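Taking it in order: structure first as structure tokens, then the write-up.
The values are calculated or read from the model by the stated rules, or taken from the named source; none is laboratory data. The structure presented is a predicted model; accordingly, all values stated were derived computationally and were not measured. Here the Cβ positions follow ideal geometry from the backbone for every residue, glycine too, while neighbour counts run over all protein chains shown. We work out accessible area using only protein heavy atoms, side chains counted, and drop any ligands, DNA or RNA first. Shrake-Rupley method; radii C 1.70, N 1.55, O 1.52, S 1.80 Å.
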Amino acid sequence: MIWGQFRTGNVTIAGTDYMPPPANELSDHFDRMIEEAQNISDPIDRASFVFLTMAREQFFFDVKRTGRLMMNGILLDAGYPVINVPVARQLEFNTLMLEFYPTGDVEPMTRFLASCIDPRTVRIINETQIRPSLSEANKPTQGPSM
């Protein structure tokens, strides 16, 4: 195992018969994940998609932590809080993950992950976030008129 590089061997996921792709296919799967993620406009959906794809494809030997870091980095970059799964909901998380692996259906897990963020916080962020368009952000500012 070499840190920071895709896994070099095959792996299994405990509790499921689902088998992640062979190590020699990971680069193509990663490129596809990045391309698909760029087409998801909602930051929570995009972050969840990246986490779930990383977990399912098992790009790294320690992918759960790496996937969570990626997910939370995407959220923070978009001005959202990180997703922390409360200990009281860990069994629900594990059960949904075991259902996710064989199907690849991200919807139930995405809803679960989103539910770990206080909806009031998301509403406040969406109401108060002002994002100038790229053309507006690059306009020169004018000084006071005289």
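Residues considered: PHE51, PHE30, PHE100. Of these, the only one that is modelled with pLDDT of 95 or more, aromatic (Phe, Trp, Tyr) and open to solvent by 40 Å² or more (accessible area, probe 1.4 Å) is PHE30. ARG7 meets all of the listed conditions (1) within 16 Å of VAL106 (Cβ to Cβ); (2) at pLDDT below 95; (3) basic (Lys, Arg) but one, namely (1). Within the range 92-120, residues that are on the phi > 0 side of the Ramachandran plot have Cβ atoms under 7 Å from residues that are open to solvent by less than 60 Å² (accessible area, probe 1.4 Å) in these pairs: GLY104/ARG56, counting only partners at least 6 apart in sequence or on another chain.
A Cβ distance below 6 Å, combined with a sequence gap of six or more or placement on separate chains, defines the contacts here; from the range 8-27, residues that are under 25 Å from THR95 (Cβ atoms) reach residues that are among the polar types (S, T, N, Q) and at pLDDT 90 or above in the pairs VAL11/GLN58; PRO20/GLN58. Whether any residue in the range 20-30 is under 30 Å from ILE124 (Cβ atoms), within 15 Å of the chain's Cα centre (by Cα) and not in a loop (DSSP other than H, G, I, E, B) is what I want to check. No, that holds for no residue. For the range 1-27: of the residues being out of contact with any helix residue (DSSP H, G or I) (no Cβ under 7 Å at 6 or more places or on another chain) and small (Gly, Ala, Ser), which is least open to solvent (accessible area, probe 1.4 Å)? Only one residue fits best here, namely ALA23. So which residues in the range 54-79 are open to solvent by less than 10 Å² (accessible area, probe 1.4 Å), farther than 17 Å from SER115 by Cα and in a helix (DSSP H, G or I)? Scanning the range 54-79 gives MET54, ALA55, VAL63, GLY67.
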